[in-house]
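Structure first, then comments.
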Amino acid sequence: MSQSTESSFVYVTFIRTTPEKLWSALTDANQMKEYWFGMHFHAEWTKGSEWRMLFPDGKVADTGEIIEFEPPKRIRLKWRNEFRPELKAEGFALCTIELEPYGEAVRLSITHTIERAESKFIQAVSGGWPKILSNLKSLLETGRVVLTEADHTHGR
């Protein structure tokens, strides 16, 4: 009898903004580039369509498919790393992004899971998401990011 094993990462933050502004920041390539360390996100943002994320130099970082798209509440993505062979070998993970109004703020939760015990991919995203989401929160609340591309590269 085999037992299914899973690795997961969950991050919850509260951002003083509206669901619409946060949704825009999560799905607009120009805004994403500001808080995501210069990454280029290409997506049609429709259920069933493919998406990809490119490094500032144009190399493919990650790819996947949009499984659910429900503005301004929920996005679910199939997600695979493309640039680190040991992570790509783990296959596709699931990333669920949920927004919920919370007083004058929005509760943003990110859940990244993969059907694999002790996933190196989940370990990698658990280091990346807090930096990205700190930048997103700061950008929406103050107009400025906390960490720059240089900080991110230096901290790897």
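Every number in this text was worked out from the coordinates using simple rules, so none of it is lab data. The structure displayed is predicted, hence computed values, not measured ones.
Computed values, structure above
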{"quantity": "Residue-averaged 222 nm ellipticity for the chain, from DSSP H runs of 4+ at -39500 (n - 2.57), nearest 500", "calculated": "-9500 deg cm²/dmol"}
{"quantity": "Candidate aspartates and glutamates - alpha carbon under 17 Å from residue 120, same-chain residues fewer than 8 apart omitted", "calculated": "6, 62, 82, 86, 90"}
{"quantity": "The chain: relative contact order as a whole-number percent, Cα under 8 Å and 6+ apart", "calculated": "28 percent"}
{"quantity": "Calculated SAXS-style log₁₀ I(q)/I(0) at q = 0.16, 0.28, 0.29 Å⁻¹ - segment 89-135, Debye, Cα scatterers", "calculated": "-0.53, -1.08, -1.11"}
{"quantity": "Coordinate range along principal axes, alpha carbons of the chain, Å, largest first", "calculated": "49, 34, 27"}
